[in-house]
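Asks: Take this structure first; my questions come after.
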Amino acid sequence: MHVSIVAPVYNERENIEPLHRGLREALNGLLYELIFVDDGSTDGSIEALIQIAEQDTDHVRVVELRRNFGQTAAIAAGIDHSLGDVIVLIDADLQNDPADIPMMLEKIEEGFDVVSGWRVNRQDSFLTRTIPSRIANWLISKVTGVPLHDYGCTLKAYRREVLEGFHLYGEMHRFIPAYAGGVGAKIAEVPVRHHPRRFGKAKYGLERTLKVILDLFTVKYLVSYSLNPIYLFGGTGLALFLSSLLVLGYLIVRRLLFDEHMIRSPLLLMSVMLFILGFQSILMGLIAELLVRTYYESQAKPTYNVRRIIGGDRKE
Ligand code: UDP
Ligand code: MG
């Protein structure tokens with residue numbers, strides 16, 4: 001098993017050397033590579049990275065981005081430049097502990113496709129980080145149907161196959177397990193250590209929770225409806241039609257039984273509006289269906305995901 005460790009680095013100069021040392025100790029004896037992605041650091045992190053790359057030519061690869069693209073993009077760059085069968089993501093700030101990696105790799109060997117770290121004793125500010133993250137984790141678990149305690153923990157291990165075909169946008173790296181769950185991956189959750197930050201500053205505050213919640217809409221849509229959006233839009237459209245008819249029916253009954261004028265009630269307008277909205281929604285679903293076909297067929301993407309194939313020699 002060849003393991004790629006991917007760490008995004010943004011202004012983590014003092015953390016680089018201890019992180020590298022920790023990773024080397026933890027992975028001693030395994031076949032591995034360490035990929036550090038410098039995400040446009042301005043504090044000289046790149047010099048520290050070049051130094052370890054020169055010392056440890058067998059294992060270290062440094063990918064330097066031209067500017068700060070954000071943690072998710074940095075992770076994507078690292079994955080694209082990795083070669084391993086198993087990819088482990090880890091923060092470069094020493095809050096995750098490299099010593100947890102061997103235990104996670106054992107889980108992968110047991111047959112899991114994703115091993116997700118869970119910071120049981122999280123060492124971050126309670127009010128601005130831990131509480132919002134609890135709410136976000138609960139919400140993400142409910143919406144995606146993949147229950148995890150800690151989506152936000154970067155320390156996770158993945159078999160390469162489950163990452164293929166998933167492009168990372170926005171704050172999406174945290175949603176990889178939800179996507180993987182959507183294509184049928186086997187997921188394990190393990191408690192991992194977490195340390196307070198010793199060097200450098202945290203790069204995020206409360207505003208990230210908002211972004212995460214917005215991304216959740218996209219992920220839910222992609223996982224549940226990306227193959228047949230008409231179910232979502234058409235379903236909504238039919239519900240709107242039905243409400244429109246119910247309101248209209250009520251107005252007609254009132255007209256016939258109690259002799260009340262239909263056009264004197266605002267309900268008539270509402271019924272018409274619901275009807276138009278329903279119609280629009282179904283049309284939108286049809287357009288989305290066309291887009292899906294363009295998306296899958298232009299790139300010859302399969303609409304399924306094979307775990308393995310048993311028996312029968314493949315004839316080329
Ligand atoms: N990071 C990055 N680009 C950014 C922001 C952060 O590569 O624009 C890296 C950062 O260097 C660290 C990891 O992402 O290795 C997590 O960042 P941070 O520790 O600030 O986040 P937290 O642990 O508070 O979630
Ligand atoms: Mg951190």
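Asks: Which of (1) open to solvent by 90 Å² or more (accessible area, probe 1.4 Å); (2) in a helix (DSSP H, G or I); (3) charged (D, E, K, R) is the odd one out, the single condition R255 does not satisfy?
Replies: Every listed condition holds for R255 apart from (1).
Asks: Got at least one residue in segment 72-81 being open to solvent by 60 Å² or more (accessible area, probe 1.4 Å), farther than 22 Å from L206 by Cα and touching a Lys or Arg at 6+ places or on another chain (Cβ under 9 Å)?
Replies: yes
Asks: Name the pairs: first residue in segment 208-219 and without any contact (Cβ under 8 Å) to a residue 60 or more places away in the chain and over 12 Å from R174 (Cβ atoms), second residue open to solvent by 20 Å² or more (accessible area, probe 1.4 Å) and among the β-branched types (V, I, T), Cβ to Cβ under 9 Å, at least 6 apart or on different chains?
Replies: If the second residue must be open to solvent by 20 Å² or more (accessible area, probe 1.4 Å) and among the β-branched types (V, I, T), the pairs left are F217/V143.
Asks: Still on this structure, please answer the following. Quick one: in segment 62-120, of everything that is over 18 Å from G181 (Cα atoms) and basic (K, R), which residue is farthest from ligand 2 (Cβ to nearest atom)?
Replies: The residue in question is R66.
Asks: So which of F199, F175 is within 13 Å of ligand 1 (Cβ to nearest atom), of a type outside the set (A, V, I, L, M) and either within 30 Å of E17 (Cβ to Cβ) or open to solvent by less than 30 Å² (accessible area, probe 1.4 Å) (or both)?
Replies: None of the other options fit; the residue is F199.
Asks: So if I check each of I276, I282, I230, I263, which one is over 30 Å from the mean Cα position of the chain (by Cα) and either open to solvent by less than 90 Å² (accessible area, probe 1.4 Å) or at pLDDT 90 or above (or both)?
Replies: On the way: I282 fails: over 30 Å from the mean Cα position of the chain (by Cα); I230 fails: over 30 Å from the mean Cα position of the chain (by Cα); I263 fails: either open to solvent by less than 90 Å² (accessible area, probe 1.4 Å) or at pLDDT 90 or above (or both).
One residue alone meets the criteria, I276.
Asks: Pick out the one residue from L268, L240 that is open to solvent by less than 100 Å² (accessible area, probe 1.4 Å), more than 30 Å from T294 (Cβ to Cβ) and more than 16 Å from ligand 1 (Cβ to nearest atom).
Replies: Residue meeting the stated conditions: L268.
Asks: Give segment 152-164 a look and list any residue that's in contact with a Lys or Arg (Cβ under 8 Å, 6 or more places away or on another chain) and more than 15 Å from ligand 2 (Cβ to nearest atom), or say none.
Replies: Matches in segment 152-164: A157 only.
The values are calculated or read from the model by the stated rules, or taken from the named source; none is laboratory data. As the structure is a computational prediction, the values presented were derived from the model and not from experiment. Glycine gets a Cβ as well: all are built from the backbone with ideal geometry, and neighbour counts include every protein chain shown. Note: accessible area is taken over every heavy atom of the protein model, side chains too, but ligands, DNA and RNA are not part of it. Shrake-Rupley method; radii C 1.70, N 1.55, O 1.52, S 1.80 Å.
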